[in-house]
Amino acid sequence: MRRITMLAAIATLGVAVLPAGRALAQGNGEQPAFVQWQSPDDGARVGGQSYHVKAKVAFDGGVKSWAVEALAPDGADYPGYGTVCEKAEGGSPAYVNIDCVWDTTAYPNDGGPAQNRPYVVRVTAQGGPRSGSGGNGQPPGPRHEDRDVVVSNPVSAPRNVKLAWADDTRQATVQWQANPEPDIASYVVQEKVGDGPWKNVGQAGGKVTTFTRNLSATGTYHYQVAAVRAAGSGTDTMQSAWAGPAAEPKQIVVQAPKRPETTTTTTEPAPAEAAGDTGPAGSPADPGAPAPNPAAGTTTDPGAPAGSPAPDGTTPTSRSAAGLVSPIQPGAPGSVKSGGVSFGGPVAPLAAPGAKPKPADKPDQLDESEGPDTGFSPALPYKPGADANADKEDGESGRVLVGMPETVGGNDARRLLIPLAGGLLLFVFAMHALYASRRAAVAAKVLETAE
């Protein structure tokens, strides 16, 4: 009796002290079986291509088979690994030490890279039929133990990083190949100017593989990229190593834009001017000089009727552009010379139709039909003044220009108004001469260029 009591106590103590295991019951009869975990711990972070799941399983009737699975939690939106290892034991050993190699980086059967997420690691054992007294000859049901783990694999550095520069837009572009990990959260881009420190200048989304940046300041710019991946639980992330461009250009040199160069244009004189010979007046060497005397076939007589033939038989419509010549001849009073106006005296009045020529022996005596020497043509319409029959003093005729107001105050008013009107008309005529002479010079240059 004492021996039986002692054996029972030892059996009870042996079941109680099984480390990390539990006693499993089957049916009405007690059948000792357990799963003793060695790795991983519950809640552990696991990773790597060769992570070892280790455990010890035992059945009173012997171990017939066992399996290791990595499953996604119930309701998860990502897949699990499925069965990682399994084996059927021959001879039904009383216990089996399991060492299963688990590649946590990829899903089995070409499922692609695995996500860093929580998973359930399950060890399942199947025992053999129990024999002897107390056994019914039926195999017991399978037994399993679960452990919650978090897969947290590292992230690889971006590959094929390239750098480009557009000089017209002054824009730098960094490109890279997308990472193979399915749970990339973002990419981080850093910049370094010269020998300065690296600084974060941008962060792109997990699906973006291009980053652009406008550069305005001068300097030498370097860039590198890192990938950020989910760490497996919550919002935790992990970052890869930095990767820079492997091919040229590995850096961007921004130079200050070139300033426009100041140029001085110097017009060299013509050979004739360089030799001291400026040519005749009005030649192209002196653009401001009056036009030369017209050649045969043209006319410069402002009194010639419109459309009258020239000495060579041509009409004004057949003349060249050089026919536009100032009616004032070079050297005459009021002529234009080199852009300035010189007044040498009143312009000789035009002869009125039917006027008598002055006698050669009295060149200074004016004919009565010419009127006073005011610079006006005798052909202008005059009318007798109010004192036409009055005695004439100092050679005055008493005639008044049509359109001018009647004289007020007698001879004193005429002495004031007539020179004032003559000066104004002379100024207008001089401006016209200046304009015509410049047009003639331009036309002569155009004609010379065309020839």
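The values are calculated or read from the model by the stated rules, or taken from the named source; none is laboratory data. Remember, it's a predicted structure, so these values are computed and weren't measured experimentally. Using ideal geometry, Cβ is built from the backbone for each residue, glycine included, and neighbour counts are taken over all protein chains shown. The accessibility values were calculated without ligands, DNA or RNA, using every heavy atom of the protein model including side chains. Shrake-Rupley method; radii C 1.70, N 1.55, O 1.52, S 1.80 Å.
Those strands (runs of 3 or more DSSP E) of the stretch 137-186 in which 3 or more residues are open to solvent by 30 Å² or more (accessible area, probe 1.4 Å) and within 30 Å of Thr124 (Cα to Cα) occupy 143-151. Residues Gly244, Gly202, Gly232: which one is surrounded by 14 or more Cβ atoms within 10 Å (Cβ to Cβ), under 24 Å from Asp168 (Cβ atoms), modelled with pLDDT of 90 or more and in contact with a strand residue (DSSP E or B) (Cβ under 8 Å, 6 or more places away or on another chain)? Of Gly244, Gly202, Gly232, the one residue that is surrounded by 14 or more Cβ atoms within 10 Å (Cβ to Cβ), under 24 Å from Asp168 (Cβ atoms), modelled with pLDDT of 90 or more and in contact with a strand residue (DSSP E or B) (Cβ under 8 Å, 6 or more places away or on another chain) is Gly202.
Scanning the stretch 197-253 for residues that are among the aromatic types (Phe, Trp, Tyr) and not in a strand (DSSP E or B) returns Trp198, Trp242. Being closer than 20 Å to Val151 by Cβ and touching a residue at least 12 places away in the same chain (Cβ under 8 Å), is that true of even one residue in the stretch 195-206? Yes, the stretch 195-206 contains a residue that is closer than 20 Å to Val151 by Cβ and touching a residue at least 12 places away in the same chain (Cβ under 8 Å). The set of residues in the stretch 145-176 being of a type outside the set (A, V, I, L, M) and more than 30 Å from Tyr107 (Cα to Cα) consists of Lys162, Trp165, Asp167, Asp168, Thr169, Arg170, Gln171, Thr173.
Scanning the stretch 31-77 for residues that are under 16 Å from Asp103 (Cβ atoms) and among the acidic types (Asp, Glu) gives a single hit, Glu69.
Listed by position, the strands (runs of 3 or more DSSP E) inside the stretch 45-97 whose residues that are farther than 28 Å from Gly112 by Cα and open to solvent by less than 50 Å² (accessible area, probe 1.4 Å) number at least 2 are 51-59, 63-71. Here Arg159 meets the list (1) within 30 Å of Gly244 (Cα to Cα); (2) touching a Phe, Trp or Tyr at 6+ places or on another chain (Cβ under 6 Å); (3) not aliphatic (A, V, I, L, M) almost entirely, failing just condition (2).
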